[in-house]
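S.K.: Before I ask anything, let me first share the structure, which is written out below as structure tokens.
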Amino acid sequence: MTMSIPKPATSTLPSFAMPPVVETVLAVQFKPLPKLAKVQLSLFWSRYREEWPEVREAVPLPRQSEQFGDAQRWARIGMQLGFAAPPIPTRLQLIGKDGARMLQLQNGALCYNWVGGQERAYPRYHETRAAFDAWLGQFRAFLREETLGELEADQWEVTYVNRIPKGTVWNEPTDWGRLFSNLLVFPPSEAVPMVLESVSSEWHFVIPEQRGRLHVQLQHGREENPGNREILILKLTARGPIKAEGPESQRLGEGLDLGHEVIVRSFAALTSPDAHRYWRKCQ
């Protein structure tokens, strides 16, 4: 299958009045700091606990590295063996008062999440980006004040998660081939008559000039509620290295803007005109 990633442009991005997005994440990965441990992350939370009244602990996110070349491409496939590892450092998930925002911190990454709900208005990218920048600035200042070192960013990441229930833009698995006009869901051969029942797939695309990758995951399942309705989850993650030239904040911002643009354009390119009408595509 071939799908070209829409090349970043300066023209207006596609927009939807009722998009199916239920979660967005802006993230930066940075080189781990030797002095930064759980106690310091907790100290940061204590400074801002009025803004983030709830805190949870989670397993740290693995480090990612978007590299290019034949060896890196084929390294994705194959079995990986490992042994029991010692306890790993903590990731703190700070939950906002409204329950819709989450700031995630670990030694090596900072993530700003928006998590949707039935009554929650979807914040546009410029709002989420402004909040991400502000909290990253607070965290950088904290590291300096506590003499924990300078944050040295090495990778940007943007994720959009879309929830597409049955009965909206699809009713049967046979509809998926029309819904996703470029992510081909192959019909069974006439020589071997079968009925498509479910799907769990992923695709990986290089962003032009090797500035990063777009990772697309499509998963069919059921909601965890009394309705038990069937849903499709379409997750798009754009990720790439931070360039070596220019001020770091500018380079990180350029990466996030690129990731957002690639995801928005790709989502529009992957989905059908009928779906666009249902989600009320504006432009």
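S.K.: Give me THR174, THR237 ranked fewest to most by other Cβ atoms within 10 Å of their Cβ, as a rough exposure proxy.
M.R.: THR174, THR237
S.K.: Using the number of other C-beta atoms within 10 angstrom as an exposure proxy, rank ARG178, ARG265 with the fewest first.
M.R.: Result, fewest neighbours first: ARG178, ARG265.
S.K.: Between the range 227-260 and the range 10-33, what is the separation of their alpha carbon centroids in Å?
M.R.: 6 Å
S.K.: Under a crude label model (7 Å from the Cα following the beta-carbon direction), how far is ARG229 from TYR48 in nanometres?
M.R.: 3.4 nm
S.K.: Identify the GluC sites (Glu not before Pro) of the range 190-283 meeting these criteria: DSSP loop state and at most 12 other C-beta atoms within 10 Å of the C-beta.
M.R.: Qualifying residues, ordered by number: GLU190, GLU197, GLU224, GLU245.
S.K.: Each residue of the range 140-147 in order: what ³J(HN,Hα) in whole Hz does its phi give by Karplus 6.51 cos²θ - 1.76 cosθ + 1.60, θ = phi - 60°, with x for Gly and Pro?
M.R.: Taking θ as phi minus 60°, the curve returns 4, 5, 4, 4, 5, 4, 8, 6 Hz for the range 140-147.
S.K.: Right, here's the next one. Under a cut-off of 26 Å between alpha-carbon atoms, report the lysines in cross-link reach of LYS166, not counting same-chain residues fewer than 8 places apart.
M.R.: Leaving aside lysines fewer than 8 places away in the same chain, those within reach of LYS166 are LYS235, LYS281.
S.K.: Scan around PHE68 for amide H atoms under 5 Å from its own, H built in the peptide plane at 1.01 Å from N, and keep only partners 5 or more places away or cross-chain.
M.R.: Long-range HN contacts for PHE68: none found.
S.K.: Further question: Under the rule of at least 5 residues apart or a separate chain, name every residue whose amide H is placed under 5 Å from the amide H of THR168.
M.R.: Placed amide hydrogens put nothing under 5 Å from THR168.
S.K.: If you don't mind, another one. Subtract the Cα-Cα distance of ALA141 and GLN283 from 0.36 nm times their separation in residues, and report this length gain in nm to one decimal.
M.R.: Difference between extended and current length: 47.1 nm.
S.K.: If you take every residue apart from VAL59 with its C-beta less than 14 Å away from the C-beta of VAL59, what net charge results, scoring Lys and Arg +1 and Asp and Glu -1?
M.R.: Here the charged neighbours net out to +3.
S.K.: Moving to a separate point now. Once phi is turned into θ = phi - 60°, what whole-Hz ³J(HN,Hα) does the Karplus curve with 6.51, -1.76 and 1.60 give for every residue of the range 174-180, x standing for Gly and Pro?
M.R.: In residue order, the calculated couplings are 5, 7, 5, x, 7, 5, 9 Hz.
Taken together, the values in this text are just the output of simple stated rules run on the coordinates, not laboratory data. From a predicted model like this one, the values you see are computed outputs, not experimental measurements. Every residue, glycine as well, gets a Cβ built from its backbone with ideal geometry; the counts of neighbours run over all protein chains shown.
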